[in-house]
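Novice: Here it is, the structure, as structure tokens.
Rule-based calculations on the coordinates, nothing more; no lab input. It should be emphasised that the depicted structure is a prediction, and the values quoted were computed from it without experimental measurement. Here Cβ is always computed from backbone atoms with ideal geometry, including for glycine, and neighbour counts include all displayed protein chains.
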Amino acid sequence: MMLFTQAVGLPVITAEEAELLGRVDGLTVDAHTRTIACLRLSKARRHAAPIAWEAVEAMGRDAVIVRSRATSDPGTRNFPTHHEVIGHRLLTEHGVARGTVKDVAFDDATGHIRMLYTALGDICGERLLGVGSYAVVVRAEPTGPTGTKAEGAGPPNDGQ
């Protein structure tokens, strides 16, 4: 697992040519699949930005490795519009404010969004519905008929 704030600034290097393509400037989220769609690079040569997540071979604390210059070329692929996630307001689909996104955890092997971190609490990545210029939108927590959390929602009760 890795955080967006840990990924930004990492060098992106090709495995085959050992060529530095640039540094991670941002991660574009595809809210429909709840995954990272592509890496946006800074200080990149024109042919290398953005890079599809599928071209990422490995991502670690020191660098991102992509297969080759050829596989990192986006070609005619359409990526979702890039909107910053960190620092944006977080709303439920009902418009209820849930704070500001402080960081996002993702699976560094698959690119799946695992958790959105806010000062008001953590939101499971499975609840992500959309990312736009105004806000990040998540599904509200299910509630029971009395307005409390529905049975089975939230962490398991271990009897303590």
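Novice: Given 0.36 nm per residue, what is the gain on full extension from residue 110 to residue 81 after removing their alpha carbon distance, in nm?
Specialist: That works out to 8.4 nm of additional length.
Novice: Next question. For a quick check: with amide H placed at 1.01 Å from N, whose amide H comes under 5 Å from residue 22's, ignoring anything fewer than 5 positions away on the same chain?
Specialist: Amide H neighbours of residue 22, under 5 Å, 5+ apart: 12.
Novice: If R0 is 22 Å, what FRET efficiency do you get for residue 1 and residue 94 from their C-beta distance, rounded to 0.05?
Specialist: 0.15
Novice: Measuring from label point to label point, each 7 Å out along Cα→Cβ, what is the residue 32 to residue 122 span in nm?
Specialist: Result for the modelled spin labels: 2.9 nm.
Novice: If Lys and Arg each add +1 and Asp and Glu each add -1, what is the summed charge of the other residues whose beta carbon sits under 14 Å from the beta carbon of residue 2?
Specialist: -2
Novice: Along region 52-67, what does the Karplus equation 6.51 cos²θ - 1.76 cosθ + 1.60 (θ = phi - 60°) give for ³J(HN,Hα), rounded to whole Hz, x for Gly and Pro?
Specialist: Couplings: 4, 4, 4, 7, 6, 8, 7, 9, x, 6, 10, 6, 10, 10, 10, 4 Hz.
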